[in-house]
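Participant: Here it is, the structure, as structure tokens.
The values are calculated or read from the model by the stated rules, or taken from the named source; none is laboratory data. It should be emphasised that the depicted structure is a prediction, and the values quoted were computed from it without experimental measurement. Every residue, glycine among them, receives a Cβ derived from its backbone with ideal geometry; neighbour counts consider all protein chains shown.
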Amino acid sequence: MVRGESVTADPVRGILRPSSSYALVPSLLCGQAFRFRQSAGGVAGVCGSLALHVASAGRSLRITLPAGSAALAEAGRFLGVADNLREDAAESCAYLCGHYPDSAAAVREVFAFSEGLHLLHQQAVETIIGYVLSVQSSVELVRRRLDALAELFPANRRLLAGSDVFLFPAVAELRSLTAAEFDRLHLGYRTTWLRELIAGLPEENALEELREEHPWERRRFFRTFAGIGPKVSSCIDLFVYGNDDAFPVDVWVDRGLRHVLRFSSREVHATVGDSSALGPHCGLFGEYLFRYERERSVRLDPSCGQPPAKPPRSADTG
DNA sequence: CGCCAGGATCTGA
DNA sequence: TCAGATCATGGC
């Protein structure tokens, strides 16, 4: 919509007031939104057609959008400022402590570690593609892949907080990519997944309509794409459609379930595809567990310690 | 060179 | 149904 001459226009600025305390930096740096990073006293990045810079201002959030951007409300929805995080987290924590009393102390530590960490409401196309490209890849690598994909469309360049960012292309734009461009992305076996996904993905408005479906219907739909298995479909349901009962199990959450809830391999496996044993809002717990386990590994392993052991059976809260 | 990264899929029993 | 092998690529 922005045609060329907006370069001289001013960025859009505003203040958002979250309904409960908002832990800004961790929420955006823990890998929820791949293309966000720390920047100039806050956090900046792109998710889909939304580019924004966020900084804490007391109990409020100071928002900056590129010139010509849509209303501030879109940023508020993305950040989940209206979610009642405190109640949801308390409910999840209480459930888990009640059902796993031997792990209650460890569970409380996980929640305390990420207090104020909201779940983002991410835009569909970039998030779906991001998680398909995340298979057997690091978060940093996924971010670079999404950047490379976005930069194939120079018209989507915007100026944000003094640097260039690229909005993520729409489905219609993605369908114009050539085979040579796909090859140049060096995605390995994920190239086929991406090509077929772009070819078969509904347009943005149809993806929005899936919001009205039951979670299992969405799951059944996305699982029809090659490359979308139980973990990726759970991520889509959690991060795009805001179903905080979805519980993606990756290598970090796998370790976390063993450490914190003392799950066996059998119990971890049973959790994939059926998170009912973890109670309401367990997706929030899952995200906290992901972050907790990942940070814990970094603290334990400054190069002299052992890497996260394959059979992680001993858990010390130290 | 070997192992890991927000797994998914195929295969053989 | 289900553990095990295989799948490309980049980082360290």
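Participant: Just the residues that are under 11 Å from A:L289 (Cβ atoms) and either part of a helix (DSSP H, G or I) or of a type in the set (S, T, Y) (or both), please, taken from segment A:242-257.
Facilitator: A:W252, A:V253, A:D254, A:R255, A:G256, A:L257, listed by residue number.
Participant: Restricting attention to segment A:65-108, which residues are basic (K, R) and in contact with a Ser or Thr (Cβ under 9 Å, 6 or more places away or on another chain)?
Facilitator: Scanning segment A:65-108 gives a single hit, A:R86.
Participant: A:L141 fails exactly one of the following numbered conditions: (1) buried (at least 17 other Cβ atoms within 10 Å of the Cβ); (2) under 18 Å from the mean Cα position of the chain (by Cα); (3) within 13 Å of DNA strand B (Cβ to nearest atom); (4) free of Cβ contacts under 8 Å to residues at least 60 places away in the same chain. What is the number of that condition?
Facilitator: Here A:L141 clears every test but (1).
Participant: Looking at segment A:175-233 only, could you name the residues that are more than 21 Å from A:R143 (Cβ to Cβ), in a loop (DSSP other than H, G, I, E, B) and either within 12 Å of DNA strand B (Cβ to nearest atom) or of a type in the set (K, R) (or both)?
Facilitator: Matches in segment A:175-233: A:R175, A:R223, A:T224, A:F225, A:A226, A:G229.
Participant: Consider segment A:244-279. How many of its residues are among the hydroxyl-bearing types (S, T, Y) and either within 12 Å of DNA strand B (Cβ to nearest atom) or in contact with a Phe, Trp or Tyr (Cβ under 8 Å, 6 or more places away or on another chain) (or both)?
Facilitator: 2
Participant: Additional query: In segment A:149-189, how many are closer than 19 Å to A:L65 by Cα, of a type in the set (D, E, K, R) and exposed (fewer than 12 other Cβ atoms within 10 Å of the Cβ)?
Facilitator: Within segment A:149-189, residues that are closer than 19 Å to A:L65 by Cα, of a type in the set (D, E, K, R) and exposed (fewer than 12 other Cβ atoms within 10 Å of the Cβ) number 1.
Participant: Need pairs with beta-carbon distance below 8 Å; first residue in contact (Cβ under 8 Å) with a residue 12 or more places away in the chain and within 19 Å of A:F221 (Cα to Cα) and within segment A:185-201, second near DNA strand B (Cβ under 10 Å from one of its atoms) and assigned to a helix (DSSP H, G or I); sequence gap 6+ or separate chains.
Facilitator: Every condition considered, the pairs that remain are A:W193/A:V132; A:L194/A:V132; A:L197/A:V132.
Participant: Quick one: which of A:Q32, A:Q38 is crowded, with 22+ Cβ neighbours inside 10 Å, at pLDDT below 95 and of a type in the set (S, T, N, Q)?
Facilitator: Going through A:Q32, A:Q38 in turn, the sole match is A:Q32.
Participant: State whether the residues of segment A:144-165 include one that is assigned to a loop (DSSP other than H, G, I, E, B), in contact with a His (Cβ under 6 Å, 6 or more places away or on another chain) and away from DNA strand C (no atom under 11 Å from the Cβ).
Facilitator: The answer is yes, given that some residue of segment A:144-165 is assigned to a loop (DSSP other than H, G, I, E, B), in contact with a His (Cβ under 6 Å, 6 or more places away or on another chain) and away from DNA strand C (no atom under 11 Å from the Cβ).
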